[in-house]
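Worksheet for the structure shown next.
The values are calculated or read from the model by the stated rules, or taken from the named source; none is laboratory data. Remember, predicted model here, so these are calculated numbers, not experimental data. All Cβ positions, glycine included, derive from the backbone under ideal geometry; neighbour counts span all protein chains shown. Accessible surface areas use protein heavy atoms only, side chains included; no ligands, DNA or RNA. Shrake-Rupley method; radii C 1.70, N 1.55, O 1.52, S 1.80 Å.
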Amino acid sequence: MPIYEYEHLGEPCSFGKIFEKKQSIHDEPFTQCPNCFEPVRKRISRVGINISKTNAEIRDLGFTKLVKRDDGVYENVTRREGESRYMEAGKPETLPDFSKTIS
């Protein structure tokens, strides 16, 4: 079951200003804290994905991996045909072509 974050809109209770609840994806989001019954809102949380993949596998999944090489210089280790190997700050022509991966 996924874990969702909620934030108190007023004063927090013993759950804290932000608390987590395990819920089914089909459950309605809480509008009130299950502890103090004060109003809460569901937060959009970052998702952490941590799996070992080769650069080729990362590219094939549609991701771009940039590795810092110098101050303002990043190497695109998952570059596709026609893309620049290095991305430099202030040079938009060196940015990866996301139109090939985002539709």
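Things to note:
- For the stretch 61-76, a residue qualifies if it is of a type in the set (D, E, K, R), closer than 19 Å to Gly90 by Cβ and in contact with a strand residue (DSSP E or B) (Cβ under 8 Å, 6 or more places away or on another chain), and the qualifying residues are Lys68, Arg69, Glu75.
- Condition check for Thr31: assigned by the TED database to the domain that holds Lys17 and β-branched (Val, Ile, Thr): yes
- Pairs, first free of Cβ contacts under 8 Å to residues at least 40 places away in the same chain and open to solvent by less than 70 Å² (accessible area, probe 1.4 Å) in the stretch 76-93, second hydrophobic (A, V, I, L, M, F, W, C) and part of a helix (DSSP H, G or I), C-beta under 8 Å, six or more apart: Thr78/Ala56; Thr78/Ile58
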